1. I'd like to know if segment 62-84 contains one or more residues that are acidic (D, E) and in contact (Cβ under 8 Å) with a residue 12 or more places away in the chain.
2. Where residues in segment 80-98 are charged (D, E, K, R) and assigned to a helix (DSSP H, G or I), which of them is farthest from H34 (Cα to Cα)?
3. If you go through segment 29-40 one residue at a time, do you hit one that is out of contact with any strand residue (DSSP E or B) (no Cβ under 6 Å at 6 or more places or on another chain), at pLDDT 95 or above, aliphatic (A, V, I, L, M) and not in a helix (DSSP H, G or I)?
Amino acid sequence: MESKPVQLSFEDYYARLQSWEKKPWSRKEMEKLHIRLLEEGLLDLKSEKTSIAKKSEILQWVKKPMEREPRPFSFQLCAMVAGYDPEELRALIVSTMRKILH
């Protein structure tokens, strides 16, 4: 019997990361994780195989208000770590998704 991969929400994903045994992560590892989370979100938005519910969840993550001190694994921080302006990237994503969905 083939098992399906578990689909986690961003909040579940973050909670699991917090519950792992505390071990020091290198700065490079944390940067890679932030970039990977952003990449996965963008790939899921682009994919025709991604459910509307999942795309909606990703868009909620993208649209969360910007903060003076970005939270770990927020869209804002992931974009910044990847070298993007989060507001410009957000505007591009939202505009692109509007065109696709309408």
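1. The first filter runs over segment 62-84 and keeps only residues acidic (D, E), leaving 67, 69.
Filter once more, so that each one left must be in contact (Cβ under 8 Å) with a residue 12 or more places away in the chain: none.
Taking every residue of segment 62-84 in turn, none turns out to be acidic (D, E) and in contact (Cβ under 8 Å) with a residue 12 or more places away in the chain.
2. Within segment 80-98, the subset charged (D, E, K, R) is 85, 87-88, 90, 98.
Keeping just the survivors that are assigned to a helix (DSSP H, G or I) gives 87-88, 90, 98.
Numbers: E87: 17, E88: 18, R90: 16, R98: 25 Å.
The residue in question is R98.
3. Within segment 29-40, none of the residues are out of contact with any strand residue (DSSP E or B) (no Cβ under 6 Å at 6 or more places or on another chain), at pLDDT 95 or above, aliphatic (A, V, I, L, M) and not in a helix (DSSP H, G or I).
The values are calculated or read from the model by the stated rules, or taken from the named source; none is laboratory data. Please read these numbers as outputs of a predicted model, since none were measured by experiment. A quick note on method: Cβ atoms are made from the backbone with ideal geometry, for glycine too, and the neighbour counts reach across all protein chains shown.
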